[in-house]
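The structure under discussion appears below in the form of structure tokens.
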């Protein structure tokens, strides 16, 4: 009997696992497919919708998951979650020698609370802990151009698999914010349900025994309903204070972290010269929070110019978030492509149509005339002028200086076409710099 | 030329040093012709009403030749040498007093698009021969076979090499002789060209004329259709004592093996037009302590004498000013302006409407041609590309071929084919094609492409 009950679950899990891989690996002709996976997660959708103050069509999927999960405890974890499937099997193969963590508090709940509170302040602090993001991250490995990128994209899932192998289901049971949120939804639904059921019963009893008198003022009826809803009573009395306190502290912590992270992000942006985000990126103060490090954009980029940041560009708060680097031969942000903006599940990269993307300013190209071959009179080079898809670079003759320079006009969006063709080495004479308000 | 010296034409109308030569004559007793009173035996231009009219007159025929090459720059000298090698009678006419055109008088010392994208040399043939002659000269050429760094030649060394080759080759050469008109027969076919020089207006009759004038003066005069383009006109200069500046620090370098050692000068550059310029520095040349310095210049009409004059003057003033600015930078105090180029850096003027107009689309897509006569190396964003023979042949006019910067190509393409080594390629092909016309008694457009390609290969040209 147990066997029969377990086999279909395994089958469903396996199917969902394969489905998740198909979604992330863009086998489907549908460019937005990868983001559908993360948008199954109510944690991601709820937090990002609150943070971005907008609700997209993709919310529907998460809503369904949320509703079902609130009725069937950890239904998502047990059946749909590809990370859960992977970790469950790792656990079976693993050491399972220790279960010290079973006494661990339900961290996932606090992570979820913290993140939701942060989201209210525009910065969903720990959104990157979503298991679906962690699952999709390593799939960008085929677009990784260096060992550091390989390490970064595989870090999350690697840690989870490793930890599960050694410690068992610590992550799934205690830490995962998605399961924490599911638990919260479940108990909220249950409490609500019991209350509704109790009040309906009470109303029926009141009509029967008390002739329609309001039940709430009747001490006896309160006792009756109380007896009918032991869960409500238990929740209300047993650890009422503790839970409330923890939720309060998590919420307050999330809010403080969000405010701090946004200030830090804005400061970082003011200071940075080389920080370039993919097209459609929300302002830097919120980007580090909204971005969940799912690496969908890294995976989507055909020219492999999007890399997970090592922290070099945007510090610890921006660790693993995507940055653009024009460090490969002749590869720049193509004027024919908007793939990265289409796959972001949280709106950290706004979905942009191609024409909109070609107007999004990634950065600004600036020329160092003490390196430029034309300005130095070394060579008749107009590589940047020829390469620019937006007609933004003109080699201009300056009668006063009696010299010619590449001059960049306002049409420049920082696609990097000029930088990658610039023949000087090791420093490019024309480079894309972080956009500064003029 | 010899005859004109014998007739005393060279010094007759006022020697540069009449007094000293007279003294030398008295002292040494050497015989020079002097004091012969003459009048020019021709009718000057007159005024008829409000118009200036040149009376109809017969022109003396200076020379009858099989192949006439107009212009002694990279394309013209390559064409003349290669045609002469085929045992054909060749006459070369050059406007300036030296050979080499922009490669010497223009100080375009960089031999630019020699390599394909894989840093393999794709231009050989006569260009490679010339560079080999420079190889053996001290201070003749540097940075040979160091792709992607282009070689740089010395102008005087190259003048010497060309003079040496012309003197030994038996090519009849006229310098200081400006091709001004085409001679066209009743059927519209070119039969020679008219020249102005100190000897006056003279005609050279030829079976085939190769127009290497750069501006396409001869084919234009003969009535061939062309596209007129205007682009930047600069003036190259050479500056001395520049090697006291460490060129490797913070400056651009194209050589990955010898990258600049420093950081860029100012970190984040300022936006738009900037004044943080540390001064021109140019590129090193074979001559020690000497850099050559390119100038882009403003856009001008290379066929308009007002534009040309204004640029000649302003460019020399501007160059002097820039060198003064450079001298104000610490470490550059001893930098001096060695010379400005005798010739303006005219890039493009006329582009022939040929049998085949080479398009930018074709060179980007790596088009292959059946009548390929050579390659241009990769340059800026363009990959290496084939040059078809059809680009040298005018669409309509007979007996004339174009070589050098004025061949039939779209502007973007011509902006590469105008460069020195590509001019060698088109010059060599035009010279050999003209020689084949003489040998096979055919028109340039009917030349056997197979024969031409075999000849090119025999002479070491690279056809892919």
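When segment A:272-293 is examined, which residues are found to be under 21 Å from residue A:332 (Cα atoms) and surrounded by fewer than 22 Cβ atoms within 10 Å (Cβ to Cβ)? Break it down stepwise before answering.
From segment A:272-293, those under 21 Å from residue A:332 (Cα atoms) are A:272-282; that's our starting set.
A:272, A:273, A:274, A:280, A:282, listed by residue number.
State whether one or more residues within segment A:337-346 are at the interface with chain B (Cβ under 10 Å from one of its Cβ atoms), surrounded by fewer than 24 Cβ atoms within 10 Å (Cβ to Cβ) and out of contact with any strand residue (DSSP E or B) (no Cβ under 9 Å at 6 or more places or on another chain). Break it down stepwise before answering.
Filtering segment A:337-346 for residues at the interface with chain B (Cβ under 10 Å from one of its Cβ atoms) gives none.
For segment A:337-346, residues at the interface with chain B (Cβ under 10 Å from one of its Cβ atoms), surrounded by fewer than 24 Cβ atoms within 10 Å (Cβ to Cβ) and out of contact with any strand residue (DSSP E or B) (no Cβ under 9 Å at 6 or more places or on another chain): absent.
Of the residues that make up segment A:129-145, is at least one within 30 Å of residue A:244 (Cβ to Cβ) and more than 14 Å from the chain's Cα centre (by Cα)?
Looking for residues that are within 30 Å of residue A:244 (Cβ to Cβ) and more than 14 Å from the chain's Cα centre (by Cα), one finds none in segment A:129-145, hence no.
Those residues that are more than 29 Å from residue B:397 (Cα to Cα), surrounded by 16 or more Cβ atoms within 10 Å (Cβ to Cβ) and free of Cβ contacts under 8 Å to residues at least 60 places away in the same chain, I need them from segment B:323-366; list them, please.
B:325, B:327
For (1) touching a helix residue (DSSP H, G or I) at 6+ places or on another chain (Cβ under 9 Å); (2) at pLDDT 95 or above, each residue gets a yes or a no:
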| site | (1), (2) |
| --- | --- |
| B:204 | no, yes |
| B:237 | yes, no |
| B:242 | yes, no |
| B:250 | no, no |
| B:255 | no, no |
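Which condition does residue A:80 not pass, out of (1) in contact (Cβ under 8 Å) with a residue 40 or more places away in the chain; (2) over 17 Å from residue A:177 (Cβ atoms), if it passes all the others?
All conditions pass for residue A:80, except number (2).
With the structure loaded, tell me whether residue B:308 is at pLDDT 90 or above, farther than 22 Å from residue B:109 by Cα, in contact with a strand residue (DSSP E or B) (Cβ under 9 Å, 6 or more places away or on another chain) and more than 9 Å from chain A (Cβ to nearest Cβ) or whether it fails that test.
Numbers: at pLDDT 90 or above: yes; farther than 22 Å from residue B:109 by Cα: no; in contact with a strand residue (DSSP E or B) (Cβ under 9 Å, 6 or more places away or on another chain): yes; more than 9 Å from chain A (Cβ to nearest Cβ): yes.
It is false that residue B:308 is at pLDDT 90 or above, farther than 22 Å from residue B:109 by Cα, in contact with a strand residue (DSSP E or B) (Cβ under 9 Å, 6 or more places away or on another chain) and more than 9 Å from chain A (Cβ to nearest Cβ).
Which numbered condition trips up residue B:317, out of (1) surrounded by 24 or more Cβ atoms within 10 Å (Cβ to Cβ); (2) farther than 20 Å from residue B:231 by Cα; (3) within 13 Å of another protein chain (Cβ to nearest Cβ)?
(1)
Results for (1) closer than 30 Å to residue B:334 by Cβ; (2) assigned to a strand (DSSP E or B); (3) outside the structural domain of residue B:354 (by TED's automatic domain parsing); (4) without any contact (Cβ under 8 Å) to a residue 40 or more places away in the chain, shown as yes or no for each residue.
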position: B:179; (1), (2), (3), (4): no, yes, no, no
position: B:213; (1), (2), (3), (4): no, no, no, no
position: B:218; (1), (2), (3), (4): no, no, no, no
position: B:223; (1), (2), (3), (4): no, no, no, no
position: B:238; (1), (2), (3), (4): yes, yes, yes, no
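Counting only residues that are within 14 Å of chain B (Cβ to nearest Cβ) and surrounded by 20 or more Cβ atoms within 10 Å (Cβ to Cβ), how many does segment A:318-336 have?
Residues meeting the conditions: 1.
Select from segment A:151-170 the residues that are buried (at least 17 other Cβ atoms within 10 Å of the Cβ) and over 19 Å from the mean Cα position of the chain (by Cα) and list them in ascending order.
Taking segment A:151-170 as the starting set, the residues that turn out to be buried (at least 17 other Cβ atoms within 10 Å of the Cβ) are A:152-157, A:160-161, A:163-164, A:167-170.
Answer for segment A:151-170, where residues must be buried (at least 17 other Cβ atoms within 10 Å of the Cβ) and over 19 Å from the mean Cα position of the chain (by Cα): A:161, A:163, A:164, A:167, A:168, A:169, A:170.
For residue B:133, are the conditions met, namely being part of a helix (DSSP H, G or I) and out of contact with any strand residue (DSSP E or B) (no Cβ under 8 Å at 6 or more places or on another chain)? Outline the logic, then answer.
Numbers: part of a helix (DSSP H, G or I): yes; out of contact with any strand residue (DSSP E or B) (no Cβ under 8 Å at 6 or more places or on another chain): yes.
In short, yes.
From the set of residues in segment B:136-148 that are assigned to a loop (DSSP other than H, G, I, E, B) and in contact (Cβ under 8 Å) with a residue 12 or more places away in the chain, which is nearest to the other protein chains (Cβ to nearest Cβ)? Don't jump to the end; show me each part of the working.
Taking segment B:136-148 and keeping what is assigned to a loop (DSSP other than H, G, I, E, B), we get B:136-140, B:143-145, B:147-148.
With the extra rule that they be in contact (Cβ under 8 Å) with a residue 12 or more places away in the chain, the set shrinks to B:137, B:139-140, B:144-145, B:147-148.
On the way: B:137: 24, B:139: 20, B:140: 21, B:144: 17, B:145: 18, B:147: 13, B:148: 8 Å.
The qualifying residue nearest to the other protein chains (Cβ to nearest Cβ) is B:148.
Scan segment A:90-103 and tell me whether some residue there is more than 29 Å from residue A:15 (Cα to Cα) and surrounded by 14 or more Cβ atoms within 10 Å (Cβ to Cβ).
First, pick out the residues of segment A:90-103 that are more than 29 Å from residue A:15 (Cα to Cα): A:97-103.
Restricting the remaining residues to those that are surrounded by 14 or more Cβ atoms within 10 Å (Cβ to Cβ) gives A:101.
Checking segment A:90-103: at least one residue is more than 29 Å from residue A:15 (Cα to Cα) and surrounded by 14 or more Cβ atoms within 10 Å (Cβ to Cβ).
When only residues in segment A:298-313 that are assigned to a loop (DSSP other than H, G, I, E, B) and modelled with pLDDT of 85 or more count, which is nearest to residue A:272 (Cα to Cα)? Working first, answer last.
Looking only at segment A:298-313, we keep the residues that are assigned to a loop (DSSP other than H, G, I, E, B), and these are A:301-305, A:309-313.
From the residues that got through so far, the ones that are modelled with pLDDT of 85 or more too are A:301-305, A:309.
Numbers: A:301: 24, A:302: 26, A:303: 24, A:304: 22, A:305: 19, A:309: 14 Å.
Here the answer is A:309.
Are any residues in segment A:426-437 part of a loop (DSSP other than H, G, I, E, B) and more than 7 Å from chain B (Cβ to nearest Cβ), and if so, which ones? Give the steps one after another, and end with the answer.
Initially, segment A:426-437 is screened for residues part of a loop (DSSP other than H, G, I, E, B), giving A:426-429, A:434-437.
Result: A:428, A:434, A:435, A:436, A:437.
Going by the structure shown, is residue B:227 over 29 Å from residue B:88 (Cα atoms), more than 14 Å from every other protein chain (Cβ to nearest Cβ) and modelled with pLDDT under 95?
So residue B:227 does not fit the description; no.
Kindly provide the set of residues from segment B:81-122 that are outside any loop (DSSP other than H, G, I, E, B), out of contact with any strand residue (DSSP E or B) (no Cβ under 6 Å at 6 or more places or on another chain) and surrounded by fewer than 24 Cβ atoms within 10 Å (Cβ to Cβ), ordered by number. Break it down stepwise before answering.
Here is the first cut: in segment B:81-122, the ones outside any loop (DSSP other than H, G, I, E, B) are B:81-85, B:90-93, B:101-103, B:110, B:115, B:121.
Filter once more, so that each one left must be out of contact with any strand residue (DSSP E or B) (no Cβ under 6 Å at 6 or more places or on another chain): B:81-82, B:85, B:101-103.
Result: B:85, single match.
The values are calculated or read from the model by the stated rules, or taken from the named source; none is laboratory data. Owing to the predicted nature of the structure, the values given are computational and were not obtained by experimental measurement. Cβ atoms come from the backbone with ideal geometry, glycine included; neighbour counts cover every protein chain shown.
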